[in-house]
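Student: Please see the structure below; I have some questions.
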Amino acid sequence: MDGRGGTEGIRSDYDVVIVGARVAGASLAWELGRAGYRVLLADKSRFPSDVLSTHNFFNNSVGMLREMGVLDRLLATGTPTYRRAYLRLEDAEIDGFFPEANGETECLCVRRTHLDRILFEHAASLPGVDARPNFRITGLLRSGGAVAGVEGTDSEGKPVRIPARLVVGADGRRSIVRELAGSRRIVSVPTDFASYVGYFEGFRQEGERCTEFYRIGETLAIAFPTSDDLHVIGLMFPLEWKDALARMKENPEAGFREFVARGLGATSFPSRLKEAKRSGPIRGLLGYDNDWHEAMGPGWALAGDALSFKDPAVGQGMHDALLGARLLRRILSSEPDWESRWDDMARRYEQELNDHFMPLFRMACGMTRNVPLRPEQAAVNRLIGRHPEATSAFLGLYNHSRTPEELERIVGGLLRQAPQIDSGEG
């Protein structure tokens with residue numbers, strides 16, 4: 001693994017210190033290093049190491065990985081690609097292929113033990129990027145009211161003070177940089193669900209390899225084919241199910257299988273899961289907010305989950321980390337005199353983020369509430385599942401190749417034909 005510990009070689013003239021070196025931080029370090037900036041990329045962990053995540057890239061994001069020059073290394077891990085999605089929403093089935101995006105047709109769900117290490121090493125290979133694992137940031141330096149660097153401890157436990165023109169928090173949904181910088185939380189929608197994730201060997205899928213998503217009653221489940229001949233499978237049920245929470249605490253694997261069987265018994269999912277063998281622990285996230293924070297201020301900025309965490313069921317975290325890094329690099333590259341332009345850059349960064357990420361953030365906020373589907377929405381889901389054009393437009397929301405307005409236009413046209421369609425005349 002590339003990257004150094006200790007304080008040897010630490011500079012006093014970094015343009016940017018990035019706190020957090022996983023997907024958001026490593027991709028931002030690569031973007032900025034390629035643009036000629038002097039970057040310190042620091043993380044409290046060493047790589048490879050795992051984190052709770054569904055770690056999926058839809059094909060639009062696979063295109064960004066290819067453009068970064070890292071896709072071949074990721075594929076060399078043996079992680080399978082897929083292009084199909086199967087969704088069961090109550091009694092509606094939506095089964096189709098993600099439309100082409102960024103010239104790509106295949107999606108990729110690569111485990112974080114591979115992904116984070118490879119992205120970290122890819123960023124560290126640039127001469128302008130100083131990558132430091134096992135660096136713990138504990139405070140921010142300030143000058144004239146602006147953030148002016150970081151303080152913390154290096155891999156040997158020695159105190160460090162590192163000045164920089166900009167500090168970026170890419171350190172996850174519990175970001176220390178966000179807290180210390182005083183970023184305001186702009187939107188907060190709490191989830192109604194507990195979420196559990198596990199890896200399983202021998203999970204059999206029906207038909208072509210795909211991602212699967214189920215919402216039946218109050219149970220949600222999702223499955224992705226991933227690295228090491230495994231599937232990553234997520235289970236969500238209401239936080240108010242206290243007996244279920246107690247059972248999961250008592251015996252996570254047994255509880256996981258029991259509540260999949262209870263909620264999805266009308267499908268083949270439980271029987272296929274029964275055939276599969278668990279690999280590694282079942283891990284859970286009991287309650288979280290779908291949140292959106294102030295993105296930038298004098299001397300600081302946020303990226304990835306530190307900026308906005310959303311329900312994992314929409315699978316947008318990886319995409320937002322990659323694209324967010326590009327957006328921030330463009331903003332910074334357009335303004336050589338950062339110190340006099342913080343307010344303007346912050347407005348532009350926030351606007352770019354809103355334009356690109358807010359539609360699916362709102363979608364995540366809707367999915368995270370335990371609200372029964374309205375009859376009209378259930379009817380629309382059935383309609384989408386019956387018509388390939390609507391199916392493609394619906395799946396295109398996930399890879400940003402189609403907009404909600406386009407889907408509404410297609411569905412509206414089908415609804416106007418509904419009498420003929422229902423009678424077999426259309």
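Student: Where the centroid of each part is defined by its Cα atoms, how far is the stretch 311-345 from the stretch 218-241 in Å?
Tutor: Each part's Cα centre sits 30 Å from the other's.
Student: Using the 10 angstrom Cβ neighbour count as an exposure proxy, how do Thr105, Thr54, Thr113, Thr211 rank, fewest first? Write out the running numbers ahead of the final one.
Tutor: Details: Thr105 13, Thr54 22, Thr113 17, Thr211 25.
Ascending number of Cβ neighbours within 10 Å: Thr105, Thr113, Thr54, Thr211.
Student: Counting other Cβ atoms within 10 Å, which GluC sites (Glu not before Pro) in the stretch 205-286 have at most 13 and lie in a DSSP loop?
Tutor: Working: sites: Glu206, Glu208, Glu212, Glu218, Glu240, Glu250, Glu253, Glu258, Glu275; in loops: Glu206, Glu208, Glu218, Glu240.
Those that pass, being in a loop and sparsely packed, are Glu206, Glu208, Glu240.
Student: Sort Ser183, Ser125 so that the residue with the fewest other Cβ atoms within 10 Å of its own Cβ comes first and the one with the most comes last.
Tutor: Values: Ser183 21, Ser125 13.
With the fewest neighbours first, Ser183, Ser125 line up as Ser125, Ser183.
Student: Taking N as the number of residues in the stretch 375-422, what is its Cα Rg relative to 2.2 N^0.38 Å?
Tutor: The value comes to 1.08.
Student: Cut-off under 27 Å on the C-alpha distance; same-chain residues fewer than 8 positions from Lys274 excluded. Which lysines are left, in chain and number order?
Tutor: Lys242, Lys249
Student: Under the definition of Cα pairs under 8 Å and six or more residues apart, what whole-number percent is the relative contact order of the chain? Don't jump to the answer; show the numbers that get you there.
Tutor: Details: 897 pairs, mean separation 89.6, N = 426.
Relative contact order, the chain: 21 percent.
Student: Now, a different point. Treat the count of other C-beta atoms within 10 Å as a stand-in for reagent exposure and order Cys365, Cys107 from fewest to most. Before the final figure, lay out the partial values.
Tutor: On the way: Cys365 21, Cys107 27.
The order, fewest Cβ neighbours first, is Cys365, Cys107.
Student: Which of the lysines could be linked to Lys44 by a straight reach, that is with a Cα gap under 25 Å, when you skip same-chain ones fewer than 8 residues away?
Tutor: Lys158, Lys310
Student: Add +1 for every Lys or Arg and -1 for every Asp or Glu among the other residues with Cβ under 12 Å from the Cβ of Arg178, and state the total. Display every interim value, and only then the final one.
Tutor: Values: positive: Arg173, Arg174, Arg184, Arg185; negative: Asp171, Glu179, Asp291, Glu294, Asp305.
Summing Lys/Arg as +1 and Asp/Glu as -1 gives -1.
Student: Let me ask something else about it. Suppose a student asked you for the relative contact order of the stretch 192-286, using Cα pairs under 8 Å spaced at least 6 residues apart; what percent would you report?
Tutor: Values: 162 pairs, mean separation 40.0, N = 95.
Value for the stretch 192-286: 42 percent.
Student: Any chance you could run the full-extension gain for Glu201 through Arg362? It's 0.36 nm times the residue separation minus the Cα-Cα distance, nm to one decimal.
Tutor: Numbers: separation 161, 0.36 × 161 = 57.96 nm, distance 3.38 nm.
Net length gain for the segment: 54.6 nm.
Student: Quick one: compute the contact order of the stretch 288-334, relative version, from alpha carbon pairs under 8 angstrom and 6+ residues apart, as a percent. Numbers along the way, then the final one.
Tutor: Details: 33 pairs, mean separation 14.9, N = 47.
It rounds to 32 percent for the stretch 288-334.
Student: Further question: Would you calculate a helix-derived [θ] at 222 nm for the chain, using -39,500 (n - 2.57) for each DSSP H run of n ≥ 4 and dividing by the full residue count, to the nearest 500? Don't skip to the end; give the middle numbers.
Tutor: Values: 14 runs with 158 residues, N = 426.
Using -39500 (n - 2.57) per qualifying helix, the result is -11500 deg cm²/dmol.
Student: For the chain, with the dipole built from +1 on Lys and Arg beta-carbon atoms and -1 on Asp and Glu ones, taken about the Cα centre, which of Leu32, His55, Gly255 lies farthest toward the positive end?
Tutor: Gly255
Student: Sticking with this one: Can you give the charge dipole size of the chain about its Cα centre, rounded to the nearest 20 debye, using +1 on the beta carbon of Lys and Arg and -1 on the beta carbon of Asp and Glu?
Tutor: On the way: 54 positive and 59 negative charges, 159 e Å.
Here the size comes out at about 760 debye.
Throughout, read-outs are computed from the coordinates displayed, never taken from laboratory work. Values in this document were obtained by computation on a predicted structure and should not be read as measured data. Cβ sites come from the backbone with ideal geometry, for glycine too, and all protein chains shown count toward neighbours.
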